[in-house]
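Reviewing the structure listed below.
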Ligand code: OAD
């Protein structure tokens, strides 16, 4: 097993022929994709592991827990308000558009994404074929679990107290919030967003945190789809595949017969792929439109289809 959870039977290198992959995607019936932060890298959003680094001396993953929110809701809200601002400023890239177009043109293609940035929905990815495994940073829900959820809230900042996280600074200057030498703004809990339904709980970002389960209903739908028939192709885009249960879908698709194709600049992400699989090393925004061209047509720089297949 490699760190994808893919079982390997051969040490031979995966394929990298674009023509062979294009033929496979054209002829495939049931296809799945698993996407991660690398899909949004070309939109200017930092990934979790690696380049992104610390946020004010905090590991981002340490802030993404219900325990962190309970201990310091102001700090966790500042972190998410900053990420919301970045996500709202970013634009979907050609990788998001290519996957959305594939979903429109291939009936049996479902896309699972770990990204909470809202860029796949904004690229027009059909909602019924897109599973937001880790939720959406644009949703807010009650921390007291009264059931209230506010979907696709585009206000930025989300409340006046969080304005320091939604400021734009020139590229050669650091946003004061991001400088750990400058004390973080002290926001009173009463100035954070509160649940309008139960009026007792705080609102929290509508994302899945560490130590929290994924949405049960969503998991059931994905599992049902997987067990409805063999899977021809599993496309793994821009993920370190380090977070479970998301990462396990590659192995599940493989058990249903899928050929796996990995798109990632990191050569380590190909470890464990067999000779029938594919590895395309590089930026998803550049590679995906080319890989899907026989099905979606030619895509221009803005992500629009300019020549039909
Ligand atoms: P990671 O930051 O762990 O991994 C990003 C992956 O994207 C790495 O394998 C990079 O090599 C690759 N990458 C970087 N630039 C790329 C590009 N231009 N094109 C394609 N790939 C590129 O992010 P995820 O795997 O998405 O969970 O992380 C999974 C989960 O861990 C996140 O959803 C989040 C995080 O903690 C929660 O918040 C629950």
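The values are calculated or read from the model by the stated rules, or taken from the named source; none is laboratory data. Worth saying up front: this structure is predicted, and the values here are computed from it rather than measured. Here the Cβ is made from the backbone with ideal geometry for all residues, glycine too, and neighbour counts use every protein chain on show.
A few remarks follow.
- Checked against the criterion of being at positive phi, outside the structural domain of residue 242 (by TED's automatic domain parsing) and surrounded by fewer than 17 Cβ atoms within 10 Å (Cβ to Cβ), the candidates 181, 152 yield just one match: 152.
- Which listed residue is within 16 Å of the ligand (Cβ to nearest atom), at pLDDT below 95 and touching a helix residue (DSSP H, G or I) at 6+ places or on another chain (Cβ under 9 Å), from 284, 241: 241
- Condition met for residue 262 (closer than 24 Å to residue 37 by Cβ, in the same structural domain as residue 130 (by TED's automatic domain parsing) and modelled with pLDDT of 95 or more): yes
- Checklist (1) farther than 17 Å from residue 130 by Cβ; (2) within 14 Å of the ligand (Cβ to nearest atom) applied to residue 251, failing item: (2)
- Candidate set: the stretch 56-72, residues that are in contact with a helix residue (DSSP H, G or I) (Cβ under 6 Å, 6 or more places away or on another chain) and at pLDDT 95 or above; chosen: the one surrounded by the fewest Cβ atoms within 10 Å (Cβ to Cβ): 68
- Candidates 112, 78 - the one that is closer than 20 Å to residue 207 by Cβ, within 16 Å of the ligand (Cβ to nearest atom) and either touching a strand residue (DSSP E or B) at 6+ places or on another chain (Cβ under 8 Å) or in contact (Cβ under 8 Å) with a residue 24 or more places away in the chain (or both): 112
- Some residue of the stretch 18-31 being within 12 Å of the ligand (Cβ to nearest atom), in contact (Cβ under 8 Å) with a residue 40 or more places away in the chain and assigned by TED's automatic domain parsing to the domain that holds residue 253: no
- As for the stretch 261-269, it holds no residue that is farther than 30 Å from residue 141 by Cα and more than 16 Å from the ligand (Cβ to nearest atom).
- Just one of the listed residues (224, 217, 211) is assigned to a helix (DSSP H, G or I) and closer than 26 Å to residue 137 by Cβ, and it is 217.
- The stretch 187-208, residues that are touching a residue at least 24 places away in the same chain (Cβ under 8 Å) and either under 15 Å from residue 243 (Cβ atoms) or not in a loop (DSSP other than H, G, I, E, B) (or both): 189, 191, 202, 203, 204, 205, 206, 207, 208
- From the list 273, 288, the one residue that fits, being more than 26 Å from residue 44 (Cα to Cα) and surrounded by 17 or more Cβ atoms within 10 Å (Cβ to Cβ), is 273.
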